[in-house]
Structure formats: structure tokens, C-alpha cells
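This report concerns only the one structure given below.
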Amino acid sequence: MTPRRVSILGATGSVGLATLDLIGRAEPGTYEVVALTARSNAEELARQAVRHKAAHVAIADPQAGIALKQALSDHPEITIGIGEPAVVEAAAMPADWTMAAIVGAAGLRPTLAALQQGRALAFANKECLVCAGSLFMTEAARCGATLLPVDSEHNAVFQVFDGAQRSAIRSITLTASGGPFRTWSRERMMQASRADALAHPTWDMGAKITIDSASMMNKGLEIIEACWLFDLPPEQVDVVVHPQSIVHGMVEYADGSLLAQLGSPDMRTPIASALAWPERMAAPVERLRLAEIARLDFEAPDLERFPAIRLAREAIKAGGIAPAVLNAANEIAVESFLADRIRFLDIAACVEEVLSRSHGDADMPRSLSAFDDVYAIDARARQLARDLIADRISDPQSRTTSS
Ligand code: NAD
Ligand code: MG
């Protein structure tokens with residue numbers, strides 16, 4: 001058997017490490033690790049490269065590059081790339097399967113380079129599809145790339161979505177845990193701390209997506225992601241809150257059948273499904289014991305307390321530059337919340353205000369027809385968000401949380 005050549009973009013993150021965990025458990029000779037990339041965690045990247053005998057590593061942060069060279073000084077067989085262009089080059093190295101698990105729009109260029117290889121691309125980096133969904137899907141078709149959804153809800157839908165019965169598909173449903181603030185009032189959320197927002201009840205994930213789960217912007221981004229992955233209008237993408245995170249996604253057919261995928265809340269299941277696709281592999285996850293779980297609850301999302309879902313729906317309906325603006329503003333707002341510069345409810349308020357300011361902004365590109373437009377929209381929306389947050393900090397009266 002020839003080993004499958006795999007690369008992992010974002011190898012030191014939560015999804016990257018879960019992917020390497022599965023690869024490390026496979027029979028020797030099953031996989032050959034081509035390239036691993038990271039932003040700045042040189043120590044972890046070096047450790048994974050040695051453990052998995054990677055051929056190449058790339059790190060975006062030049063400072064961390066020095067530490068990476070030192071950490072791999074006894075391993076001249078592993079080649080090293082340093083700087084953002086080196087991450088893109090690593091992504092473009094020939095591989096049979098690539099995991100796109102960089103967080104945020106920072107993943108755009110490397111993910112695109114991997115996609116242009118025309119092979120299987122396991123897609124975790126949802127922000128890429130939010131910013132540039134139509135361009136990514138067109139490019140994937142042009143290059144013959146196969147997109148394998150990794151986000152647990154999209155992977156679930158992918159598993160029960162019968163492409164041959166497209167016309168009989170009425171809707172798809174993404175489940176949401178509801179996050180740590182599912183039962184909190186807006187008043188209580190105003191006071192939410194960083195630690196409160198980072199305490200996710202069911203999933204263990206990177207900081208950005210954990211905050212997005214608390215605001216439910218994660219579900220908003222996922223609605224947009226689903227529209228592109230499954231070629232459906234937003235009206236056919238439903239969300240239901242399901243606190244146990246056991247049912248991940250569902251497809252509703254015209255005959256009344258609702259097909260669902262269930263599993264323990266462990267990313268190794270959707271990752272294994274994408275890694276082995278179209279086959280199946282064993283994953284070391286806790287088996288579901290329904291009699292012990294005993295009950296599964298479902299409730300409608302509360303759009304008043306969680307305006308992020310409404311904002312994302314409005315952005316995908318508006319189309320054009322709106323989803324990219326929404327994403328960039330959210331990334332800056334989340335970063336600012338994590339740095340204790342704004343309060344929790346300011347996140348969605350900031351996104352809404354940047355979307356509104358983007359309309360009359362002379363420096364904002366008006367349309368999105370090439371990847372260069374996406375980079376320009378992303379950069380300008382980040383600037384608008386930074387300016388807005390700086391204003392709010394200098395004028396605390398204007399904060400949502402105090403009004
Ligand atoms: P994380 O923060 O744990 O890891 C992010 C990875 O991206 C790290 O390896 C980091 O080094 C790399 N990275 C960050 N900025 C970079 C840059 N500028 N250049 C190059 N590399 C950079 O994030 P995560 O939780 O693993 O999430 C990764 C992606 O997967 C996100 O888009 C997230 O929404 C999605 N996702 C994650 C989970 C999960 O369980 N963690 C579930 C579903 C979807
Ligand atoms: Mg998800």
C-alpha cells in the first residue's frame with residue numbers, strides 16, 4: 001500500500017492536533033506527513049514534525065522561525081520555511097489530502113494554495129468560506145478539488161446528504177450547543193468575563209471559536225458556510241439549539257424523513273470521517289450510549305439575546321462584500337474582547353456597526369469578484385472595526401454594555 005501524503009495547515013491548533021492524534025494511531029505506512037504549518041508555536045510544531053516524521057514545516061511568525069530552526073537543529077532531514085509566504089508554499093506542496101485548520105481569514109491564501117492542488121481538502125477553516133465562498137467553490141470546481149467538511153455540523157450533514165436526491169431535500173439543520181450563555185439574560189451577559197465566555201459546556205476548542213460559540217456568531221458563520229458547501233439558500237439552512245451536542249446535523253427530505261448524524265462531542269469523529277473518506281476508519285472516541293444519555297433536548301435559538309445569528313443571516317442575504325465585512329469585524333471584536341478591551345455584548349454591536357459603516361465608506365471595495373477584492377475588504381473592515389473600538393474605549397458612554 002502506498003502511504004497517503006497528508007499536510008496540515010494549523011497543525012498546532014485544536015483541530016490540527018486532533019488530526020495528528022488520529023494519524024499517529026494509524027498503522028505505520030498508512031500516512032506520510034508532507035508539511036505541517038503554524039503561526040508561532042515553534043516548540044509544538046517541532047515536536048509534531050519529529051514525532052510524525054514530517055518532510056517540511058513552515059511557521060508564519062519570523063521571530064518564531066529562529067526558535068523553530070533551533071528546535072530542529074538535530075533534524076536536518078526536515079526542511080523549514082519561515083514567514084507568511086512560506087506557509088503558502090508549504091500548503092502548495094504536493095499532497096493527497098490537506099487539513100485546512102488555520103483560524104480566521106489568515107487561512108485564505110494557504111487554504112487557496114492547497115485547494116489549487118486539486119486534491120482532497122478537509123475544510124475546518126470556516127472563515128475562508130464566509131469571506132470568499134463563491135470564489136472558493138468556483139476555484140474548487142475549476143481545480144477538481146474535493147471539499148470535505150470538517151466542522152462537526154457540516155460533516156454531519158455531508159454524511160446524510162444524498163446528492164442524488166437533491167430535489168427532494170427540503171432543508172438542512174445545524175445544531176448549536178447554545179454555548180455557556182444559553183440560559184443567561186442580556187443583563188447578565190453584559191457582565192460576562194473572558195473566563196465565563198471561554199467555559200464552553202460541551203466542546204474543547206481554540207479561543208476564537210469558543211468566543212464565537214458564546215456569542216453564537218459561530219452558528220451565524222456556519223449558516224454561511226453551509227450555504228456554500230451544500231449550495232443552498234439561507235432559508236433552507238435551519239439552526240436548532242441542542243445543549244447535549246449529540247445530534248450534529250440533519251437533512252430533511254420531502255417524504256418527511258429527517259436523517260441525522262449523532263456522535264460524542266469529539267472532533268476526532270468528523271476529522272476521521274474526512275480523513276478516511278469515502279471509506280471509514282476507527283477513531284478513539286467515546287461510544288454513544290443512548291440509554292445513559294437518556295434524553296436529547298431541542299429549542300429554538302433566541303435571536304434577541306444572540307443577535308449574531310441575525311447579523312449573519314442578513315449578511316448572506318445581502319451577499320457581495322457583507323459576509324467578508326462581518327467576518328473581519330468579528331475577528332477584531334473577538335480579539336479585542338480576549339484582550340479585555342471591550343465587553344462581551346460589544347462584540348455583536350461592533351459587527352453590526354461596522355456592517356453599517358461599510359455602506360458609506362469610500363475606501364471599501366464595492367464588489368467581490370476576485371480574491372484580491374476579498375483581501376482588500378478584509379483589511380478595510382478590520383480598520384473600521386479597530387477605529388470603532390478605539391472610539392468606544394475613549395468614549396465609554398457609547399458602549400452597548402452601558403447603554
Ligand atoms: P486554534 O486557535 O486552536 O488553532 C489555530 C491554528 O491556526 C494554529 O495552529 C495556529 O498556529 C494557526 N494560525 C493562526 N493564525 C495563523 C496565521 N496568521 N498564519 C498561519 N497559521 C496561523 O483553532 P482551532 O480551534 O483549531 O480552529 C481552527 C479552525 O477550525 C477555525 O476556523 C475554527 O472555526 C474551525 N473549527 C474548529 C473546531 C474545534 O473543535 N476546534 C470545530 C469546528 C471548526
Ligand atoms: Mg461547528
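General observations
- Top-ranked residue of region 267-282 - restricted to ones that are without any contact (Cβ under 8 Å) to a residue 24 or more places away in the chain and assigned to a loop (DSSP other than H, G, I, E, B), ranked as most open to solvent (accessible area, probe 1.4 Å): Arg280
- The set of residues from region 190-228 being within 9 Å of ligand 1 (Cβ to nearest atom) and β-branched (Val, Ile, Thr) comprises Ile209, Thr210.
- Between Arg194, Arg188, Arg182, the distinction of being away from ligand 2 (no atom under 13 Å from the Cβ), outside the structural domain of Glu331 (by TED's automatic domain parsing) and within 13 Å of Val241 (Cβ to Cβ) belongs to Arg182 only.
- If the condition is being more than 16 Å from ligand 2 (Cβ to nearest atom), assigned to a helix (DSSP H, G or I) and either touching a helix residue (DSSP H, G or I) at 6+ places or on another chain (Cβ under 6 Å) or touching a residue at least 12 places away in the same chain (Cβ under 8 Å) (or both), then region 134-159 contributes Ser134, Leu135, Phe136, Met137, Glu139, Ala140, Cys143.
- Consider region 160-189 and keep the residues that are touching a Leu at 6+ places or on another chain (Cβ under 9 Å) and not hydrophobic (A, V, I, L, M, F, W, C). The one that is farthest from Ile223 (Cα to Cα) is Arg186.
- Each residue in region 349-362 was checked for being open to solvent by 10 Å² or more (accessible area, probe 1.4 Å) and under 13 Å from Ile389 (Cβ atoms), and 3 of them qualify.
- Checked against the criterion of being more than 21 Å from Arg119 (Cα to Cα), near ligand 1 (Cβ under 8 Å from one of its atoms), surrounded by fewer than 18 Cβ atoms within 10 Å (Cβ to Cβ) and not assigned by TED's automatic domain parsing to the domain that holds Ala274, the candidates Ser14, Ser40, Ser73 yield just one match: Ser40.
- Qualifying residue in region 318-334 (condition: touching a residue at least 40 places away in the same chain (Cβ under 8 Å), closer than 20 Å to Arg194 by Cα and open to solvent by 20 Å² or more (accessible area, probe 1.4 Å)): yes
- Residue match in region 74-86 (condition: β-branched (Val, Ile, Thr), out of contact with any Phe, Trp or Tyr (no Cβ under 8 Å at 6 or more places or on another chain) and closer than 30 Å to Ser213 by Cα): no
- Considering region 132-151, and only residues there that are within 17 Å of the chain's Cα centre (by Cα) and open to solvent by less than 10 Å² (accessible area, probe 1.4 Å), the residue that is farthest from Ala276 (Cα to Cα) turns out to be Ala132.
- Scanning region 17-37 for residues that are within 13 Å of ligand 1 (Cβ to nearest atom), more than 16 Å from Ala90 (Cα to Cα) and surrounded by 16 or more Cβ atoms within 10 Å (Cβ to Cβ) yields Leu17, Ala18, Thr19, Leu20.
- Scan of region 116-127 for residues that are buried (at least 24 other Cβ atoms within 10 Å of the Cβ) and either more than 8 Å from ligand 1 (Cβ to nearest atom) or not in a helix (DSSP H, G or I) (or both), ordered by number: Leu121, Ala122, Phe123, Ala124, Asn125
- Restricting attention to region 162-180 and to residues that are assigned to a loop (DSSP other than H, G, I, E, B) and surrounded by 23 or more Cβ atoms within 10 Å (Cβ to Cβ), the residue that is farthest from ligand 1 (Cβ to nearest atom) turns out to be Gly178.
- Total residues in region 189-221, condition of a type in the set (D, E, K, R) and under 19 Å from Cys350 (Cα atoms): 4
- Leading residue by the ranking (farthest from the chain's Cα centre (by Cα)) among those in region 83-95 that are open to solvent by 70 Å² or more (accessible area, probe 1.4 Å) and not charged (D, E, K, R): Pro94
The values are calculated or read from the model by the stated rules, or taken from the named source; none is laboratory data. Keep in mind it's a predicted model, so treat the numbers as computed, not measured. Reconstructed Cβ throughout: ideal geometry from the backbone, glycine too, with neighbour counts over all protein chains shown. Calculation scope for accessible area: heavy atoms of the full protein, side chains included, ligands and nucleic acids excluded. Shrake-Rupley method; radii C 1.70, N 1.55, O 1.52, S 1.80 Å.
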